[in-house]
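The values are calculated or read from the model by the stated rules, or taken from the named source; none is laboratory data. Owing to the predicted nature of the structure, the values given are computational and were not obtained by experimental measurement. Backbone-built Cβ (ideal geometry, glycine too); neighbour counts: all protein chains shown.
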Amino acid sequence: MTDTLRTENLKVYYGEHEAVKGIDMTFAEQSVTALIGPSGCGKSTFLRSLNRMNDEIPGSRQTGNIWIGDKDINSSETDVTVLRQKIGMVWQRPNPFYKSIYENIAFGPKYHGIKNRKQLDQIVEDSLRKAALWDEVKDRLHTSALSLSGGQQQRLCIARALSVNPDILLLDEPASALDPISTSKIEELIGELKKSLTIVIVTHNMQQAARVSDFTAYFYLGSLMEYNETSIIFTNPSKPNTQEYISGRFG
């Protein structure tokens, strides 16, 4: 089991604009939490804050606490390279490196000091198996990752994130650029990965949120409006605003 991830009065600013407004959340371990809400409501900004990716955006700053167990990763003393090994991230559009399939997966372990070829071979195979991609690419590991289809590239990016053995996986609309068949494979994969990982996913697709998540958080104008088990959010939300968004009446 991993240490529990939670935020405490987390705020994110772009210049003077407060994009995320004092979020308190605790994420259940080995489960999927979906972040939903209209465009511009702060959910992707919040997601990126969880492994300090907002640090890369000029003019961005964040206050409050992000705890993993008893460690505050929002501290200035945090080694963000080590943090991003523990909390992996997959973006909306597949972004494989301009390298072979093998080198895409081996890159992270090599960066963190693993040089033994047999060990790297095993990590590559294990990561591709976890991402349900091994059988499709095992005979062409040394061809360009860019030769893969969009859905395969996205699963490769998930495998790349898994290669450094994270505890938490952040997914920012991982299937929004994919066809329905590839989307289905990604959703099946999420169901398998949550057996060993804590997963947080941003999605605009209400059906997808209902299918893949155990918990759902509804964001609006930078604030967390409602957070509960997915079954409750989708059948008996406590706030009319949540009901209106889920039913498609706005957003």
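Determine whether R84 is within 30 Å of L148 (Cα to Cα) and either of a type in the set (D, E, K, R) or modelled with pLDDT of 95 or more (or both).
Values: within 30 Å of L148 (Cα to Cα): yes; either of a type in the set (D, E, K, R) or modelled with pLDDT of 95 or more (or both): yes.
Yes: the conditions hold for R84.
Just the residues that are among the aliphatic types (A, V, I, L, M) and either at pLDDT below 95 or outside any strand (DSSP E or B) (or both), please, taken from region 209-227. Spell out the reasoning first.
At the first step, the residues of region 209-227 found to be among the aliphatic types (A, V, I, L, M) are 209-210, 212, 217, 221, 224-225.
Selection gives A209, A210, V212, L221.
Determine whether R129 is surrounded by fewer than 15 Cβ atoms within 10 Å (Cβ to Cβ), at pLDDT 95 or above and more than 24 Å from A177 (Cα to Cα). Don't jump to the end; show me each part of the working.
Details: surrounded by fewer than 15 Cβ atoms within 10 Å (Cβ to Cβ): yes; at pLDDT 95 or above: yes; more than 24 Å from A177 (Cα to Cα): no.
So R129 does not fit the description; no.
Cβ-Cβ distance below 8 Å, separation of 6 or more or different chains: which pairs start in region 1-30 with a residue that is free of Cβ contacts under 8 Å to residues at least 40 places away in the same chain and end on one that is aliphatic (A, V, I, L, M)?
Cβ pairs passing all conditions: T26/L5.
Residue-by-condition table, conditions (1) on the phi > 0 side of the Ramachandran plot; (2) surrounded by fewer than 17 Cβ atoms within 10 Å (Cβ to Cβ); (3) touching a residue at least 60 places away in the same chain (Cβ under 8 Å); (4) of a type in the set (A, V, I, L, M):
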residue	(1), (2), (3), (4)
I36	no, no, yes, yes
L50	no, no, yes, yes
E56	no, yes, no, no
N65	no, yes, no, no
I68	no, no, yes, yes
I73	no, no, no, yes
E77	no, yes, no, no
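In region 81-90, how many are surrounded by 14 or more Cβ atoms within 10 Å (Cβ to Cβ) and either among the β-branched types (V, I, T) or in a helix (DSSP H, G or I) (or both)?
So the first thing to find is which residues in region 81-90 are surrounded by 14 or more Cβ atoms within 10 Å (Cβ to Cβ), and the list is 83-90.
Now drop any that are not either among the β-branched types (V, I, T) or in a helix (DSSP H, G or I) (or both), which leaves 83-87, 90.
Of the residues in region 81-90, 6 are surrounded by 14 or more Cβ atoms within 10 Å (Cβ to Cβ) and either among the β-branched types (V, I, T) or in a helix (DSSP H, G or I) (or both).
Any chance region 193-208 includes a residue that's assigned to a helix (DSSP H, G or I), closer than 22 Å to P96 by Cβ and of a type in the set (S, T, N, Q)? I'd like the intermediate steps shown before the answer.
To start, the set of residues in region 193-208 that are assigned to a helix (DSSP H, G or I) comprises 193, 206-208.
Okay, now just the ones that are also closer than 22 Å to P96 by Cβ, so 193.
Remaining after also requiring of a type in the set (S, T, N, Q): none.
Checked against the condition, which is being assigned to a helix (DSSP H, G or I), closer than 22 Å to P96 by Cβ and of a type in the set (S, T, N, Q), region 193-208 yields no hits at all.
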